[in-house]
Amino acid sequence: MAFCSKMALASIGKDAINIEDDHNLKNSYGEDGLISPDKEDISRILTVPFSGRIRGGMRPGKKIIVMGIIDPEPDSFDIILTCGHKEEKDDEELTDVALKLSVRFAERQYLRSARVSGKWSEEEAVISYFPFIPDQPFRIEIHCEHQRFRIFVDGHQLFDFYHKVKSLQAINMIRIVGSLQITKLG
């Protein structure tokens, strides 16, 4: 657990995720608008459910890192990359979802899907192994490439998800919900 605590205190890199309410925080590099784990209110900022902006949208070469700890008795959790942000609940159902990663513990599945123009793609479910363990830390990396997202868990490539949303820069929001605690976003 000491390793995870040290990782939680590390500062995040450039092109990070802005918090939704746009606090003007500075990270250790002095850049405005990035989440900084040394701030006193970091636990409030990284509270699940989490919603934040992806600065500049996605583009080839950009990656998102989500580090956290699975709850002791987890049900599921989702990491969702969307296009835009709507305040109204009805509008949220119309927002394009570029990537929805759904971890289901009872079924030991790691599902992927997308929603374009109100229609969900077929869920992709095949994985070589289930990498998540209750009450243990994890690190998910979402690498954006020209044709696909490449997803790594704890340093191991788990699968690719080919882009359904073609305008990568439009992918500018991240939501995280479910049975986990977030320790770092970058």
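The values are calculated or read from the model by the stated rules, or taken from the named source; none is laboratory data. Note that the structure is predicted; figures quoted are calculated from it, not measured. Here Cβ is always computed from backbone atoms with ideal geometry, including for glycine, and neighbour counts include all displayed protein chains. Just the protein is used for accessible areas: all its heavy atoms, side chains included, with ligands, DNA and RNA removed. Shrake-Rupley method; radii C 1.70, N 1.55, O 1.52, S 1.80 Å.
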1/(1 + (r/R0)^6) with r = Cβ-Cβ of Asp78 and His146, R0 = 30 Å, i.e. FRET efficiency to nearest 0.05, evaluates to 0.75
In whole percent, the fraction of accessible protein surface over segment 58-186 that belongs to carbon or sulfur atoms, probe radius 1.4 Å, stands at 46
The long-range amide H neighbours of Met173, using H built 1.01 Å from N in the peptide plane and a cut-off of under 5 Å, are Ile54, Thr82, Gly84
Residues whose modelled amide H sits under 5 Å from the amide H of Asp96, counting only those 5 or more places away in sequence or on another chain, are Cys83
One computes Rg over Rh for segment 56-181 from alpha-carbon atoms, with the Kirkwood Rh, and obtains 0.95
Regression test value, accessible area per residue of segment 113-175, probe 1.4 Å, units Å², expected 55
